[in-house]
Amino acid sequence: MSQTWYECKVKYRKTHETGEQKVTTESYLLDAISYTEAEARINEEMAAYTSEEFFITNIKVANFSEVHPCLLYTSPSPRD
């Protein structure tokens, strides 16, 4: 069975490194079997991520045939 990927857009108040709070909209990619599961999962993830109020502004099926997870690692520069 192939996975269905959902793109979820969430709007929330984010605190930047400068301490400034700004309303931002971010996209998240989830694998789920239905819109209902995608909504439940993004609610769970965002509740763990922020204590502020957030709004799911859009959920749609993402047009991806494959997603390859990768881990990026950057080694320290010899000049540092």
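The values are calculated or read from the model by the stated rules, or taken from the named source; none is laboratory data. Just so you know, these numbers come straight off a predicted model, no measurement behind them. Methodologically, a virtual Cβ is constructed for each residue, glycine included, from the backbone with ideal geometry; neighbour enumeration extends over all protein chains shown. SASA here: full protein model, heavy atoms, side chains in, ligands and nucleic acids out. Shrake-Rupley method; radii C 1.70, N 1.55, O 1.52, S 1.80 Å.
Amide H contacts under 5 Å for Ala62: Trp5, Tyr6, Glu7, restricted to partners 5 or more places along the chain or on a different chain, H placed in the peptide plane at 1.01 Å from N.
Each label was represented as a point 7 Å from its Cα along the Cα-to-Cβ direction; for Arg13 and Tyr49 these points are 1.8 nm apart. Less than 5 angstrom separates the built amide H of Thr50 from none of the residues sequence-distant by 5 or more or on a different chain.
Value of Rg to Rh for the chain, rounded to two decimals, is 1.09; Kirkwood radius and Rg both from alpha-carbon coordinates.
Placing +1 on the Cβ of every Lys and Arg and -1 on the Cβ of every Asp and Glu, with no other charges, gives the chain a dipole of roughly 220 debye about its Cα centre. For the chain, the fraction of 1.4 Å probe accessible surface lying on carbon and sulfur atoms is 49 percent.
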